[in-house]
Amino acid sequence: SLSLGAREPIEAFVACFKDIVEELGPAGYVAYGAVYFALEVLCVPAIPLTATAGALFGLGPGTAIVSVAATAAATVAFLIARYAARDRVAAWAAGSPRFTAVDAAVGRDGFKVVTLLRLSPLLPLAASSYLYGLTSVDLGAYVAGSWLGMLPGTVAYVAAGSYGVELLAGAGGG
């Protein structure tokens, strides 16, 4: 359980940030999404950002904002890796039968492989976006698989943030 001393700064921060976002109106949603996008491209861990969206916007809007921003960030990271590093990796992969086999599997069943790996907590989402750019997976399959595979985790962490705020608000009553 949170002690009273730890709970007050968290409540104050969330209330202040929520006020700023509300003052911005619809632009607050866009601003949060842009910050989320930028931090994801820079490989900042997503769980705290995702839970914060739930705390600030609630389950539905928070999920929508995070889903769009995370998918856009994953796409940009993929494209950065695909066009900035693809030639070097292809030269290295030519001498690696293991990478060639993985690359072929992802290229052949990209949507399924990306979706299943996005569901798994084994790979950090932001970093793996760069790795997928080094494979031959089709961009459309990658984006669709990433969005679908990230959605359950997004809903869960946004819900945790949303319900956490509700619990903190009700904690004063017992």
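Things to note:
- For the chain, the calculated P(r), taken from all Cα-Cα distances in 5 Å bins from zero up to the bin holding the longest distance, is 1, 9, 15, 18, 16, 12, 10, 7, 5, 4, 2, 1, 0 percent.
- The angle separating the long axis of helix 97-108 from the principal Cα axis of greatest extent in the chain is about 70 degrees.
- Karplus-derived HN-Hα couplings along segment 31-38 (A = 6.51, B = -1.76, C = 1.60, θ = phi - 60°), whole Hz, x at Gly and Pro: 4, 4, x, 5, 5, 4, 4, 4
- Taking only alpha carbon atoms, segment 106-174 gives an Rg to Rh ratio of 1.23, where Rh is the Kirkwood radius.
- With Cα atoms, 0 to 90° folded angle of helix 59-93 axis to the chain main axis: 30
- Surface composition of the chain: carbon plus sulfur atoms contribute 73% of the solvent-accessible area (1.4 Å probe, protein chains only, all chains present).
- Annotation: per residue accessible area for the chain equals 54 Å², rounded to a whole number [probe 1.4 Å, protein chains only].
The values are calculated or read from the model by the stated rules, or taken from the named source; none is laboratory data. Computed from a prediction, not measured in an experiment: that's the story for all the values here. To get the accessible areas, we keep the full protein, side chains included, count just its heavy atoms, and leave off ligands, DNA and RNA. Shrake-Rupley method; radii C 1.70, N 1.55, O 1.52, S 1.80 Å.
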